[in-house]
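Notes for the one structure printed next.
Readers should treat all values here as calculations from the given coordinates under stated rules, not as data from a laboratory. Because the structure is predicted, anything quoted here is derived from the model rather than measured.
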Amino acid sequence: MTRFALVPRLLRSRPLTKGFRYLYRYTRAGAYRHNETLWPLVKVRRDARDHDRLLSCNVLGVQGPATLPLADVPRDITGDAHLILSGPSIADIDYARCRLGNVMGVNGSIALRRAHPSLRFDYYAMLDAGFVKRRRDLVAEVLSQDLLLFVTPEVYRWISYLFDAKAVRCRIALFEEVHQRALQPRAQPDALAARLARDPELVLFDAHHPQHAHGFSLNPSRGLFGGGTVAYTALQLLAWMGARTLYLHGLDLSATAGPRFYESPGAQLATALDRQFAGHIEPAFRQASRLLRAHGVQVYNLSLNSRLGEDIFEKRHWSCLLKQGESPPSPQRFSGLSR
């Protein structure tokens with residue numbers, strides 16, 4: 001192994017990265033705490049005229065894959081759009097019989113291709129660096145596809161260290177959250193509320209929410225709002241890219257309902273869904289649903305047992321997606337995916 005090849009391995013080693021985090025934590029004000037996993041390994045470049053716009057990242061010790069500024073992402077979605085998530089209800093859907101338009105996946109959604117190899121993902125979103133480190137097999141599969149992948153700077157850092165840029169086939173666009181931008185101080189609630197009071201593109205619902213500021217971005221190139229789940233991130237991206245009818249697949253939002261469709265019982269990654277649902281996730285989706293309706297975006301939830309009520313997104317059975325001439329499914333559960 002060459003000396004250069006050792007650099008990324010050393011920089012991603014647990015003792016060294018923990019050392020960087022502790023040093024950063026005790027030499028910076030609390031408002032910078034969210035940057036402790038980036039410093040000093042990631043440098044960002046911003047638009048000189050609008051610092052809210054993140055343009056690119058450089059990762060210390062490695063040449064990462066090329067990235068695309070969000071402002072340059074084509075906003076050309078026409079027809080229906082589908083957001084495929086990871087709830088166990090995904091196993092009820094026979095994708096071989098469905099007619100799908102534009103499709104976005106998140107995290108482990110790509111595992112559906114093992115049972116349905118004809119399923120094509122046009123877009124993908126990841127904001128959990130832990131998933132990248134623990135499920136490299138699924139991430140490698142995403143990177144090998146002809147799709148547009150949206151990631152945070154922290155996810156981009158780990159992709160750069162763990163995967164050969166030459167093997168990355170997808171295009172990558174960077175995003176960040178409005179209230180905690182990369183290598184900038186965390187926005188204080190009153191200052192954020194004052195700055196966004198008359199901003200038509202970054203709609204603020206609640207600046208003082210104890211976990212994260214609640215809002216909805218109509219222009220993700222200027223930042224996104226967190227909603228406690230990557231599904232909320234993806235919803236903002238799809239609406240911005242032009243989707244006017246959206247179908248949500250596998251939005252169960254309950255850890256107690258069972259493991260994610262691609263996981264086995266006892267081997268699933270940890271989740272904060274149950275802890276964050278009532279106080280964070282549900283209120284964010286509720287307010288977003290009103291805003292989307294006001295902007296002419298219709299959203300349907302295909303998870304009939306989703307913890308989100310019918311008053312947030314109308315629920316429909318997945319058979320509404322059947323190809324012309326297909327018969328409705330029998331009441332028996334579809335078992336096209338192994339658990």
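Normalised by the number of residues in the chain, the mean separation of alpha-carbon contacts (under 8 Å, six or more apart) gives a relative contact order of 20 percent. Per the Kirkwood formula on distinct C-alpha pairs, the Rh of the chain is how many angstrom? Result for the chain stands at 20.9 Å. Annotation: the antiparallel percentage among DSSP beta bridges lying fully within the chain is about 30. Adding -39500 (n - 2.57) for every DSSP H run of four residues or longer, then dividing by how many residues the chain holds, sets the calculated 222 nm ellipticity at -6500 deg cm²/dmol. A Gaussian network model of the chain, with springs between Cα atoms under 10 Å, assigns the largest mean-square fluctuation among Thr27, Thr229, Thr78 to Thr27.
Beta-bridge orientation, region 85-181: approximately 10 percent antiparallel, per DSSP, counting only bridges with both partners inside.
At what distance in angstrom do the alpha carbon centres of region 169-201 and region 275-305 lie from each other? That distance is 21 Å. Relative to the current alpha-carbon distance between Arg275 and Arg33, full extension at 0.36 nm per residue lengthens the span by 84.9 nm. With the chain treated as a Gaussian network of Cα nodes joined by springs under 10 Å, which of Cys320, Cys57, Cys98 yields the largest mean-square fluctuation? Of Cys320, Cys57, Cys98, the Gaussian network model singles out Cys320 as fluctuating most. Anyone know which of Gln298, Gln184, Gln145 comes out most mobile in the 10 Å Cα GNM of the chain? Most flexible of the set in this elastic network: Gln184.
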